[in-house]
1. Roughly how crowded by other chains is peptide A:64-70, in terms of the mean Cβ count from those chains within 10 Å of each of its Cβ atoms?
2. What are the ³J(HN,Hα) values, in whole Hz, obtained from phi via the Karplus relation 6.51 cos²θ - 1.76 cosθ + 1.60 with θ = phi - 60°, for each residue of the range B:21-29 in sequence order, with x given for Gly and Pro?
3. Which of A:GLN38, A:GLY105, B:PHE90 sits farthest toward the positive end of the charge dipole of the protein assembly as shown, with +1 on the Cβ of Lys and Arg and -1 on the Cβ of Asp and Glu?
4. If you place +1 on the Cβ of every Lys and Arg, -1 on the Cβ of every Asp and Glu, and leave all else neutral, what size is the dipole of chain A about its Cα centre, to the nearest 20 Debye?
5. Of A:SER69, A:SER30, A:SER84, which is the most mobile in a GNM of chain A whose springs link Cα atoms less than 10 angstrom apart?
6. Which Cα, out of B:ASN70, B:ALA81, B:PRO108, lies furthest along the positive dipole direction of the range B:34-115 (beta carbon charges, K/R +1, D/E -1)?
7. List the lysines whose Cα lies under 19 Å from the Cα of A:LYS56, skipping any in the same chain that are fewer than 8 positions away.
8. Dipole magnitude of the protein assembly as shown about its Cα centre, charges +1 at Lys/Arg Cβ and -1 at Asp/Glu Cβ only, in debye to the nearest 20?
Amino acid sequence: QKEVEQNSGPLSVPEGAIASLNCTYSDRVSQSFFWYRQYSGKSPELIMSIYSNGDKEDGRFTAQLNKASQYVSLLIRDSQPSDSATYLCAGIDSNTGNQFYFGTGTSLTVIP
Amino acid sequence: IAGITQAPTSQILAAGRRMTLRCTQDMRHNAMYWYRQDLGLGLRLIHYSNTAGTTGKGEVPDGYSVSRANTDDFPLTLASAVPSQTSVYFCASSDSWGRGVNEQFFGPGTRLTVL
């Protein structure tokens, strides 16, 4: 079992809809999480971080963390074709405090 | 330079050859990392360095070595390349002393093919 698990998708949503991306994690992962977006052939870029239980909003993006269920999600409102990418969830190793575990990524396609 | 640079951008290498992938950052981040990314397996940590002069093994260190002589540079060496090392390699850095939780920033990657 991987420390951070994601549904690989692919996930398709129509333009303007809400895209929901989900991630679960093991006890080995601490309660700090990051969402990265990766376009095909490019490197991952950070879009959101969340450290506390609950929701964190940044523009069209909302990250949600549920520590009791060991679950973290990313909502993208008003999805645009430019949001089409692979989204990576990452959490931090509880022992080292700075080493990341990455999920395998969820491929999102926003259909115009 | 702004951020993290990697060289080369891509490389085709014969099996058995030695290869060093270069990574340089200008953000004065203390921690640096090397990952490989393979289809279906995601990003896997090869080696890391929490500060200049120290290194550690990640999830998949075999066949790779690193050094951290200074803050800015973190080269990754394949002593004798094998086809299973064909992958995209990403260098990353973060400003995370001790048990900090700061984000990792990635370089543009090196696409390596070992024949």
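1. 0
2. 8, 9, 9, 9, 10, 10, 9, 6, 5
3. Comparing the listed Cα positions along the dipole, B:PHE90 ranks first.
4. It works out to roughly 100 debye.
5. For chain A, modelled as a Gaussian network with Cα springs under 10 Å, the answer is A:SER69.
6. B:ALA81
7. A:LYS67
8. 560
Each value in this text was obtained by applying a stated rule to the coordinates, not by laboratory testing. On a predicted model such as this, the values are computed, not experimentally measured, just so you know. Neighbour counts are summed over all protein chains in view; Cβ atoms, including those assigned to glycine, are modelled from backbone coordinates with ideal geometry.
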